[in-house]
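The values are calculated or read from the model by the stated rules, or taken from the named source; none is laboratory data. On a predicted model such as this, the values are computed, not experimentally measured, just so you know. Glycine also receives a Cβ, built like all others from the backbone with ideal geometry; neighbour counts cover every protein chain displayed.
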Amino acid sequence: MIERFNFYDLYGNLIPGLIFLGVILLPYGIVTQHWPTAELADVATVLVVAYLVGHVLQALATNALSSEVMKDQNGRRAYPSVVLLDKSDPTLAPRLKKLVAEKVKARFDIELRIDLDLSSGDGHGDIARVRNAAFFLCRPLANKVTSYGEQFQGLYAMSRGLFVALMLGVAYDAGVWLGSAYGPAIARILPAAVALALLLAFARLTGLTFVLRLVGLRTMSASDKTLDRITLFALAAVVFAGGGLLATVLAPTENENWAFVGLAALSLFCALRFLVLYRVFSIEFAKAVWTYFSVSDQSQAVDAA
């Protein structure tokens, strides 16, 4: 866990929060031509709100968007930190895998079994758990060598947060666009969507089992991902209905409506691009940790000298 305000806080929380606020405020600014001022107090308020919003987006996105972005030989999804050590995976050089395995064995007495693939017998479960545990032990040591690991962690968190923020922006712009013709009908969705989102968020924070049963889930430990995905869909319904309500109040022109269509298309394109980058940076993060852990003893020796 990153203990200070650094790459993860900036990339993972603040930037997605700022983008979300931007896509929400942009339609209002286009229609009314009223924009936030550059006064220090306003800027400080925006930054604080964006940071808090970013935390909420990341809290939902972390479970809703899986970090298992690679696949083993049987096509089952797994974490990059686990798959990269497979015998058949070419991403890391065999010599580097051997060096990592030797250092992990010497330091933690953990056998990474780099001579096997996850698909070997029932190895997907056992080998994955061992490698994943070793990865968390190695990560702080790798971060002492260089900050590259933290940077990639921040970048993949940023990509994940931006994907969610921009997809919510697509729902919002679609609501504004359709709101010109169907605003009252769309706005009627708002109370129900808000109530559902709050109910799900309350269940997620408290773990109340009766709330989980209402949405067809049994236990909190087995349903985090599903619950957060449902919560995100409910949040998308909230912003969609909010966009429809905004269009009803502001009555945008036809040209402004076409601008909202363009914004929705641009947001969708960027969201899909960040989804691809999320996978790329997740893999680069795992590569950086394993690589720099392999030289962590040398780095400590240099520092001692």
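Grab the helices (runs of 4 or more DSSP H) fully contained in segment 189-287, keeping just those with 3 or more residues being at negative phi, modelled with pLDDT of 85 or more and surrounded by 19 or more Cβ atoms within 10 Å (Cβ to Cβ).
Output list reads 220-250.
Quick check on my filter: what residues within segment 104-123 are surrounded by 20 or more Cβ atoms within 10 Å (Cβ to Cβ) and either over 16 Å from Ala286 (Cβ atoms) or among the β-branched types (Val, Ile, Thr) (or both)?
Correct list: Val104, Ile114, Asp117.
Glu68 is checked against (1) in a helix (DSSP H, G or I); (2) at pLDDT 85 or above and fails just one. What number does that condition carry?
(1)
Please list, ordered by first then second residue, the pairs with beta carbon atoms under 6 Å, 6 or more apart or interchain, first in segment 38-63 and more than 13 Å from Leu162 (Cα to Cα), second of a type in the set (D, E, K, R).
Close Cβ pairs (under 6 Å, with a partner that is of a type in the set (D, E, K, R)) amount to Asn63/Asp224; Asn63/Lys225; Asn63/Asp228.
When you check Tyr28 against the structure, is it at pLDDT 90 or above and either polar (S, T, N, Q) or under 29 Å from the mean Cα position of the chain (by Cα) (or both), yes or no?
Answer is no for this residue.
Residue check, Ala101 against (1) touching a residue at least 12 places away in the same chain (Cβ under 8 Å); (2) over 30 Å from Val130 (Cα atoms), all met but one. Which one?
The single condition Ala101 does not satisfy is (2).
If only one of Thr37, Thr45 is surrounded by fewer than 19 Cβ atoms within 10 Å (Cβ to Cβ) and assigned to a helix (DSSP H, G or I), which one is it?
Thr45
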